[in-house]
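Each remark here refers to the structure printed beneath this line.
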Amino acid sequence: EGAKNRTARFRTVISLFLNGREYLFEGKAEGTILREKQGHDGFGYDPVFQPNGYEISFAEMPLSEKNKISHRGKAVKKLIEFLSDNLGNK
C-alpha cells in the first residue's frame, strides 16, 4: 500500500533431471499490482495482478487465455517442447 512502483512479475522455474543432467525451464508473466482486487477466479494473487497488455486481472480472465500467458503455462510449454524434441523420436 502506498507504493508508487507497482510493477510485478510472476516467475516459474521447472527443473527436470534426466540422465544425470538438470534442465531448467523458466516462464515469466510481467505486469502490475492493482490497488484493489478485481475478479473472483484464480487463486493467490490473481485478483491483484494485471498482466502487461491487458485491462483485466488474471482473476478476470478465462482460464484458456490465462494459460497462454501465465508464467506456469510458459514454463510448461518449454518443458513439453524440450521433451518432444529430445524424447519424441526415441
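The values are calculated or read from the model by the stated rules, or taken from the named source; none is laboratory data. Keep in mind that what you see is a predicted model, and the values were worked out from it rather than measured. Reconstructed Cβ throughout: ideal geometry from the backbone, glycine too, with neighbour counts over all protein chains shown. When the accessible area is computed, the model is the full protein with side chains, heavy atoms only, and any ligands, DNA or RNA have been set aside. Shrake-Rupley method; radii C 1.70, N 1.55, O 1.52, S 1.80 Å.
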Per residue accessible area in Å² of the chain, where ligands, DNA and RNA are left out and the probe is 1.4 Å: 74
Relative contact order of the chain, pairs being alpha-carbon contacts under 8 Å that are 6 or more residues apart, as %: 27
Under 5 Å, built H, 5+ apart or other chain: amide partners of Ala8: Gly31, Thr32, Ile33
Full-extension gain in nm, Asn5 to Asp85, via 0.36 nm per residue minus C-alpha separation: 24.8 nm
In Hz, Karplus ³J(HN,Hα) per residue of region 19-32 (6.51, -1.76, 1.60; θ = phi - 60°; x = Gly, Pro): 6, x, 10, 9, 10, 10, 10, 10, x, 10, 10, 8, x, 9
Using θ = phi - 60° and Karplus 6.51 cos²θ - 1.76 cosθ + 1.60, couplings along region 39-48 (whole Hz; Gly, Pro as x): x, 10, 8, x, 7, x, 8, 3, x, 10
Cβ crowding within 10 Å averaged over residues, with 34-42, 57-65 ranked highest first: 57-65, 34-42
Rounded tilt (10° steps) of 71-87 against the dominant C-alpha axis of the chain: 10
Of Lys4/Lys37; Lys4/Lys74; Lys37/Lys77; Lys28/Lys66; Lys28/Lys68; Lys28/Lys78, pairs whose Cα-Cα distance is over 23 Å: Lys4/Lys74; Lys37/Lys77
Mean Cβ count within 10 Å, highest first, over the residues of peptides 80-87, 24-31: 24-31, 80-87
Area accessible to solvent at Thr32, 1.4 Å probe radius, in Å²: 50
